[in-house]
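So the structure is just underneath, and the comments pick up after that.
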Amino acid sequence: MAPLTYHGGCDPSDMRLPHAVLEEGLAHASRVIGAAPGDRDHATRVIGLYGTLLRLTRLHDTAEDTLLWPRLRRRAPSAHRLLDRMEAQHGHIDGAALRAHTALASYRDKPGDRAGEGLALALQALHEVLVSHLADEERDLLPVAAERVAQYEWDWLAAYVLGHDLGSRPWLMVGLFWDQLASGQRVGLLGRLPDPVRRAWTDGGEQAYARFLAPLRPLLGPPRPLGTTLRAGPGR
């Protein structure tokens, strides 16, 4: 995708970061899950990775549902039909994510071939509806937000996601974001992390993430850093 440039109330181009994490993280689920059926260490990594991506899906969509859509409905009457479409797509994503959660629970209980195939199919279905929605959002919705939402309001979206429970391995979600940023852009991500999450990353989390993901990286493919620049924190 081409870089996004905006002139208005806010710069929403950082939305590309969670979008890229979800798109790339889910794209090769079948290959990742099927690489070592029955191997407990591999299953632990599969559960951790896709559990984190499902958590991000929920947090990302809930942030938009609660913090973004209502503001745009009040401020951009001409965008109501677009918002109706976005909300309908979120409904489809919620259904696909719920099915993926159920499949992940079955895989956690018995990580064999059958459960793995079910999980791969559920994640593939989620990926398909997500990719379509995220493309629509970047093309049609973000320009509206750029004109109608103040920068400090936009920054609340990232704060909502990063300020919630990121699971037993908070460094895993941070690492997925980290991989999508060039080295010179990463200071902005560190500046946005709540203190406990930042400490989890800097006090060994980066190394734990590298060890955890290393066996999966050949299956996922190399990360492709975005051209997105992150401010160091809300309003900065």
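The values are calculated or read from the model by the stated rules, or taken from the named source; none is laboratory data. Here the structure is a predicted model, which means the values were calculated and not measured. Here the Cβ is made from the backbone with ideal geometry for all residues, glycine too, and neighbour counts use every protein chain on show.
Determine, yes or no, whether residue 137 is in a helix (DSSP H, G or I), over 14 Å from residue 26 (Cβ atoms) and of a type outside the set (A, V, I, L, M).
yes
Residues that are surrounded by 18 or more Cβ atoms within 10 Å (Cβ to Cβ), under 16 Å from the mean Cα position of the chain (by Cα) and free of Cβ contacts under 8 Å to residues at least 40 places away in the same chain within the range 92-104 comprise just one, 96. Exactly one residue out of 66, 57 is within 17 Å of residue 135 (Cβ to Cβ) and either in contact with an Asp or Glu (Cβ under 6 Å, 6 or more places away or on another chain) or modelled with pLDDT of 95 or more (or both), and it is 57. Filtered by the rule that a residue be surrounded by fewer than 16 Cβ atoms within 10 Å (Cβ to Cβ) and either touching a His at 6+ places or on another chain (Cβ under 9 Å) or over 22 Å from residue 118 (Cα atoms) (or both), the range 44-68 gives 62, 65, 66. For beta carbons closer than 9 Å, sequence separation of 6+ or different chains, a first residue in the range 182-205 that is in a helix (DSSP H, G or I) and a second that is of a type in the set (S, T, N, Q) and at pLDDT 95 or above, the qualifying pairs are 190/202.
It is to be established whether one or more residues within the range 28-36 are closer than 25 Å to residue 175 by Cβ, assigned to a helix (DSSP H, G or I) and in contact with a Gly (Cβ under 7 Å, 6 or more places away or on another chain). Yes, the range 28-36 has at least one match. Only one entry in 141, 123 is surrounded by 15 or more Cβ atoms within 10 Å (Cβ to Cβ), more than 21 Å from residue 54 (Cβ to Cβ) and either without any contact (Cβ under 8 Å) to a residue 40 or more places away in the chain or under 18 Å from the mean Cα position of the chain (by Cα) (or both), namely 141.
If a residue has to be surrounded by 21 or more Cβ atoms within 10 Å (Cβ to Cβ) and among the small types (Gly, Ala, Ser) to count, how many in the range 178-195 make the cut? So the count comes out to 0. Of all residues in the range 105-120, those satisfying the criterion of being assigned to a helix (DSSP H, G or I), more than 19 Å from the chain's Cα centre (by Cα) and either more than 19 Å from residue 37 (Cα to Cα) or among the small types (Gly, Ala, Ser) (or both) are 105, 106, 115, 116, 118.
Scan the range 36-43 and tell me whether some residue there is farther than 16 Å from residue 213 by Cβ and buried (at least 16 other Cβ atoms within 10 Å of the Cβ). No: zero hits. Could you check, for the range 152-167, whether at least one of its residues is farther than 22 Å from residue 88 by Cα, more than 17 Å from the chain's Cα centre (by Cα) and surrounded by fewer than 16 Cβ atoms within 10 Å (Cβ to Cβ)? Looking for residues that are farther than 22 Å from residue 88 by Cα, more than 17 Å from the chain's Cα centre (by Cα) and surrounded by fewer than 16 Cβ atoms within 10 Å (Cβ to Cβ), one finds at least one in the range 152-167, hence yes. Screening residue 175 on (1) without any contact (Cβ under 8 Å) to a residue 60 or more places away in the chain; (2) surrounded by fewer than 17 Cβ atoms within 10 Å (Cβ to Cβ); (3) under 15 Å from the mean Cα position of the chain (by Cα) shows it passes everything except condition (2).
Give just the number: which of (1) more than 18 Å from the chain's Cα centre (by Cα); (2) assigned to a helix (DSSP H, G or I); (3) in contact (Cβ under 8 Å) with a residue 24 or more places away in the chain does residue 25 not satisfy? Status for residue 25: all satisfied but (1).
Checking each residue in the range 105-116 for being out of contact with any helix residue (DSSP H, G or I) (no Cβ under 8 Å at 6 or more places or on another chain) and either in contact (Cβ under 8 Å) with a residue 12 or more places away in the chain or buried (at least 19 other Cβ atoms within 10 Å of the Cβ) (or both) picks out 112, 113.
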